[in-house]
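Here's the structure, in C-alpha cells; my notes come after.
The values are calculated or read from the model by the stated rules, or taken from the named source; none is laboratory data. Every value quoted in this text rests on a predicted model; they were computed, and no experiment measured them. When we count neighbours, we look across all protein chains shown, and the Cβ atoms used for this are built from the backbone with ideal geometry, even at glycine. Ligands, DNA and RNA are stripped out before the accessible areas are found, and what is left, the full protein with its side chains, is counted by its heavy atoms. Shrake-Rupley method; radii C 1.70, N 1.55, O 1.52, S 1.80 Å.
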Amino acid sequence: SSIGTLTILPGLEKIYYYKPDWELIPHIDWGLSKNFSTKEDAHVYSTGLHSRKYYKAAMADHVWVNKILWAGASTFKSDERDNYVKLLTGFDYKSTTDFEVFGTQTVLTYYGLSAWSYNGIDYVDRFNGSVAQDLIIELGVSLFAPKPLDVWLTEIERVGVGYQYNEFGSVIRVFMGTPF
C-alpha cells in the first residue's frame, strides 16, 4: 500500500582472471535513497572484493566464493551516518544428478555458507561481549541450469532453497540467482 524507502544504486564491477580458474571481482556502487516516512534523502555506497575459485566437475564446476563488502549511507539534511561490513565464505557443490526442467538441463547443487557482519555503531559493544552474534550459517540445495532458462523478460540460471541460522533464529530462504 506504500513505499517506505526507494534506493537507486548503480555500480561498476570488473572481472580479473588471477588464474584461469580463479576470478577476482572488485566493485563500487554509489546511489541515492529517499525515505518517504521521514522525507530524508541520503547517499548510499558500497565497495568490496568478490573471489570465485572454480574446481572441475562432471556437469558444471564447483565454486568456492569469498566476499568482503563495506557499505554505508549518509543523510543530507541531518548528516546521520552508518556503515556496514560483511565477510562471507561459501562453497557450491554441483552433483551429478540432473533434471530436465522446461526443456532445459539442470543440475542439483548443494551449498553452504558462513557470513559475519557488523555495523560501525554497535561493533564495539558486541566485540566486548566476546560473542560473534552476527554469524550466519546456511545450508541449501538448488537447481542450476548451465544454459540459463529464458523466462519472460529475464533469464533464470538457478532456483533454490536454504536453511539459515542467524542471531534471530532460523529462516527458510527461497532465492533465484546465486545463493551467495
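Among Val159, Val107, the order of accessible area from largest down is Val159, Val107, computed with a 1.4 Å probe on protein heavy atoms. Accessible surface comparison of Ser170, Ser37, Ser114, probe 1.4 Å, protein chains only, largest first: the order is Ser37, Ser170, Ser114. For a modelled paramagnetic label at Ser37, 7 Å from Cα along Cα-to-Cβ, the residues of the stretch 1-16 in reach, with backbone nitrogen under 11 Å, are 4-5.
Which of the residue pairs Lys19/Lys53; Lys14/Lys56; Lys39/Lys77; Lys34/Lys86; Lys19/Lys147 have a Cα-Cα distance greater than 20 Å in the structure shown? Please list the in-between numbers first.
Details: Lys19/Lys53 9 Å; Lys14/Lys56 23 Å; Lys39/Lys77 10 Å; Lys34/Lys86 24 Å; Lys19/Lys147 24 Å.
Pairs exceeding 20 Å: Lys14/Lys56; Lys34/Lys86; Lys19/Lys147.
Here the chain is assigned +1 on the Cβ of each Lys and Arg and -1 on the Cβ of each Asp and Glu. Its dipole about the Cα centre then comes out at about 240 debye.
Using just its DSSP H runs of length 4 or more, each adding -39500 (n - 2.57), the chain gives a mean residue ellipticity at 222 nm of -1000 deg cm²/dmol after division by all residues. Using C-alpha pairs under 8 Å with a sequence gap of at least 6, the mean separation divided by the residue count of the chain gives a relative contact order of 12 percent.
Here the calculated FRET efficiency for Lys147 and Leu12, from their Cβ-Cβ distance with R0 = 30 Å, stands at 0.65, rounded to the nearest 0.05. Taking 0.36 nm per residue of separation and subtracting the Cα-Cα distance, full extension of the segment from Gln105 to Lys19 would add 28.1 nm.
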